[in-house]
Amino acid sequence: MKIIATDKAPGAIGPYSQGYEVQGMIYTSGQIPVDPATGNIPEGISAQAEQSCKNVGAILEAAQSSFEKVIKTTCFLADMADFAAFNEAYAKYFISKPARSCVAVKELPKGVLCEIEAIALK
């Protein structure tokens with residue numbers, strides 16, 4: 001097992017890693033829309049979905065993987081009314097259309113509107 005870490009994605013806000021590589025598979029922790037350069041969270045679901053995707057991408061890149069190698073994502077929304085806008089941003093990055101679960105949750109860390117985690121091949 002190998003820990004994946006990069007300063008191009010936000011650092012963990014708890015006792016966990018940004019990701020792991022295990023036997024050629026990459027597992028990312030859920031990525032909320034924190035800009036790793038500033039620590040800021042953009043306004044609105046579209047901008048937040050975009051930043052969460054960028055954060056997942058940075059971890060995939062650090063693991064020598066890519067969006068094209070993602071086989072499964074799990075997406076969390078604070079409000080299912082944001083589903084269409086979230087999908088619009090998500091589709092720009094996950095163009096290979098990996099398997100996905102998308103659920104609404106009561107609350108997400110730091111009051112964000114979305115979070116994305118991914119499983120990919122190396």
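Note on Lys69: aspartates and glutamates with a C-alpha under 13 Å away, same-chain residues under 8 apart excluded, are Glu61. When nucleic acids and ligands are ignored and a 1.4 Å probe is applied, Leu108 ends up with an accessible area of around 20 Å². What net charge is computed for the residues neighbouring Val103, neighbours being all others with C-beta under 15 Å from the C-beta of Val103, Lys and Arg scored +1, Asp and Glu -1? Within the 15 Å Cβ shell, the charges total -2.
Listed options for P(r) over Cα pairs in 10 Å bins from 0, in percent are [x] 15, 50, 32, 3; [y] 11, 32, 26, 17, 8, 4, 2, 0; [z] 11, 36, 29, 16, 6, 2, 0. The value calculated from this structure is the one marked [x].
Can you order the peptides 69-75, 10-16 by their average number of other Cβ atoms within 10 Å per residue, highest first? Intermediate values should be presented prior to the final figure.
Working: 69-75: 18.4, 10-16: 11.0.
Packing proxy ranking, top to bottom: 69-75, 10-16.
At a 1.4 Å probe radius, which order do Leu113, Leu77, Leu121 fall into by accessible area, largest first?
Working: Leu113 50, Leu77 0, Leu121 80 Å².
From most accessible down to least: Leu121, Leu113, Leu77.
Of the residues Ile119, Ile59, the one with the largest accessible area comes first in the ranking Ile119, Ile59, computed with a 1.4 Å probe on protein heavy atoms.
Each residue was assigned an accessible area with a 1.4 Å probe, and for Lys54 the value is about 100 Å².
Report the relative contact order of segment 24-96, percent, no decimals, based on alpha-carbon pairs under 8 angstrom and at least 6 residues apart.
Values: 61 pairs, mean separation 23.6, N = 73.
Value for segment 24-96: 32 percent.
If r is the Cβ-Cβ distance from Thr38 to Lys110 and R0 is 22 Å, what FRET efficiency results, to the nearest 0.05?
0.95
Qualifying GluC sites (Glu not before Pro) in segment 1-67, where qualification requires a DSSP coil assignment and no more than 16 other C-beta atoms within 10 Å, comprise Glu43. So which of Lys8/Lys72; Lys54/Lys97; Lys2/Lys72; Lys72/Lys92; Lys8/Lys106 end up more than 18 Å apart, counting from Cα to Cα? Listed pairs above 18 Å: Lys8/Lys72; Lys2/Lys72; Lys8/Lys106. The solvent-accessible area of Met80, taken with every protein chain present and a 1.4 Å probe, is close to 80 Å². The separation of segment 19-44 from segment 53-122, counted between C-alpha centres, amounts to 9 Å.
Using a 1.4 angstrom probe on heavy atoms only, work out the carbon and sulfur share of the accessible area of the chain in %.
On the way: 3440 of 6400 Å².
C and S fraction of accessible area: 54 percent.
Each Cα pair under 8 Å and six or more residues apart adds its sequence gap; the mean of these over the residue count of the chain is a relative contact order of 33 percent.
The values are calculated or read from the model by the stated rules, or taken from the named source; none is laboratory data. For clarity, every value in this text was computed on a predicted model and none was experimentally measured. Every residue, glycine among them, receives a Cβ derived from its backbone with ideal geometry; neighbour counts consider all protein chains shown. These area figures cover heavy atoms from the full protein model, side chains too; ligands, DNA and RNA do not enter into them. Shrake-Rupley method; radii C 1.70, N 1.55, O 1.52, S 1.80 Å.
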